[in-house]
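The values are calculated or read from the model by the stated rules, or taken from the named source; none is laboratory data. Since the model is a prediction, treat every value here as computed from it, not as a measurement. In this analysis, Cβ positions are derived from the backbone assuming ideal geometry, glycine residues included, and neighbour counts consider all displayed protein chains. Accessible surface areas use protein heavy atoms only, side chains included; no ligands, DNA or RNA. Shrake-Rupley method; radii C 1.70, N 1.55, O 1.52, S 1.80 Å.
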Amino acid sequence: MFSSNFDLEGQFEDNKTIFYLLTPGEKAEVEKYQTLTYYKKNEYIFKEGDKPAGMQYLREGKIKIFKEGVGGREQIIRMVKQNGLIGYRSLLADEMHNGTAVAIEESAIITIPPDILYNVLLRNHDFSLALMKDLARELGFSNQRTVSLTQKHIRGRLAESLLLLRNQYGFENDGMTLKVYLSREDIANLSNMTTSNAIRTLSTFAGEKVIAIDGRKIKILDLQQLQRISKLG
């Protein structure tokens, strides 16, 4: 469920986001024209080929972004967490979206219109540089994932995906259960493998006491061994 009473007027005071770099006047301008939209689980935020509506900021929730390949098979290319940005690469490149974004749980997204974003980018060099750094980090991550998904064996790919989910979303209060619940198909699409291979490999990891499985809940029992499997590929 959503947190109650979103503080939209104070959201840009969070120093964990690049919006913290906006001047008071710029924050007021963005807040004036921003829109807040709620999405249900499995609802589309945008589809591949859509025109970007603006730069979108995930206020709360979790999102997957995927591309559809041969035969309609999905490949998840990004997992987005709270405070993450989506849609801005296509917007800045003046292109249509090259992927599809779907909420994997109830989510709230703030959209900043293109003209407002461009005005801020032209005036605020610190904000522009921060956005460039974010794009550069995303490019570096995508390059690394491309190599991993094409060169690692199934065990290495799946281990890396579980570690990615851990790094992105963290653990529940027990310090072991991943704080995101994906279907076996989504785990497969994140790991560049078939759903049947994902199911078999998860079962193997469970048999080796590396993880424990309870429905969609995955508990990492041996983090060092999982890291070792990912590293060996």
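For the range 31-75, the list of trypsin sites (Lys or Arg not before Pro) that fall in a loop by DSSP and count at most 11 other C-beta atoms within 10 angstrom reads 40.
Across the range 144-218, the relative contact order, built from alpha-carbon pairs under 8 Å that are at least six residues apart, equals 28 percent. Could you tell me how many degrees, from 0 to 90 and to the nearest 10, lie between the Cα long axis of helix 154-169 and the main elongation axis, the longest principal axis, of the Cα atoms of the chain? Relative to the chain, helix 154-169 is tipped by roughly 40 degrees.
Using mean Cβ contacts within 10 Å as the protection proxy, how do 143-152, 86-95 order, highest first? Can you show the working numbers first?
Working: 143-152: 13.6, 86-95: 16.9.
Ranked from most to least packed, the peptides come out as 86-95, 143-152.
The accessible surface of the range 67-178, taken with every protein chain in place and a 1.4 Å probe, is 54 percent carbon and sulfur. Relative contact order of the chain, taken over Cα pairs closer than 8 Å and 6 or more residues apart, is 19 percent.
Of 16/133; 64/179; 40/219; 47/179; 41/179, which sit over 18 Å apart, Cα to Cα? Please report the intermediate quantities before stating the final value.
On the way: 16/133 14 Å; 64/179 14 Å; 40/219 26 Å; 47/179 26 Å; 41/179 16 Å.
Pairs exceeding the cut-off: 40/219; 47/179.
Please list the non-local residues whose amide H lies under 5 Å from the amide H of residue 106, H modeled 1.01 Å from N, same-chain partners needing a gap of 5 or more. For residue 106, whose amide H was placed from the backbone, the distant partners under 5 Å are 41. Simple point charges give the picture: +1 on the Cβ of Lys and Arg, -1 on the Cβ of Asp and Glu, and for the range 1-116 a dipole about the Cα centre of about 480 debye.
What's the magnitude of the charge dipole for the range 127-166 around its Cα centre, counting Lys and Arg as +1 and Asp and Glu as -1 at the beta-carbon? Answer in Debye, nearest 20.
Numbers: 7 positive and 3 negative charges, 40 e Å.
In debye, rounded to 20, the range 127-166 gives about 180.
Scan (1) 0.97; (2) 1.03; (3) 0.99 for the value of Rg/Rh (Cα atoms, Kirkwood Rh) calculated from this model and give just the label. Only one listed value fits the structure, namely (3). The string of couplings for the range 68-83 from the Karplus curve (6.51, -1.76, 1.60, θ = phi - 60°) is 8, x, 4, x, x, 6, 8, 10, 6, 10, 8, 10, 10, 10, 3, 6 Hz, one whole number per residue in order, with x for Gly and Pro. Going Cα to Cα from residue 231, which aspartates and glutamates come in below 18 Å? Please leave out same-chain ones fewer than 8 positions away. Result set, ordered by chain and number: 160, 208, 222.
Please give the calculated 222 nm ellipticity per residue for the chain, where each DSSP H segment of at least 4 residues contributes -39500 (n - 2.57) and the sum is spread over every residue; nearest 500 deg cm²/dmol? Please report the intermediate quantities before stating the final value.
Values: 8 runs with 99 residues, N = 233.
Result for the chain: -13500 deg cm²/dmol, rounded to the nearest 500.
Charge dipole of the range 44-98 (Cα centre as origin; +1 on each Lys and Arg Cβ, -1 on each Asp and Glu Cβ, all else neutral): 260 debye, rounded to the nearest 20. Looking at the range 183-233, the accessible area is 53 square angstrom per residue; that uses a 1.4 Å probe and ignores ligands, DNA and RNA.
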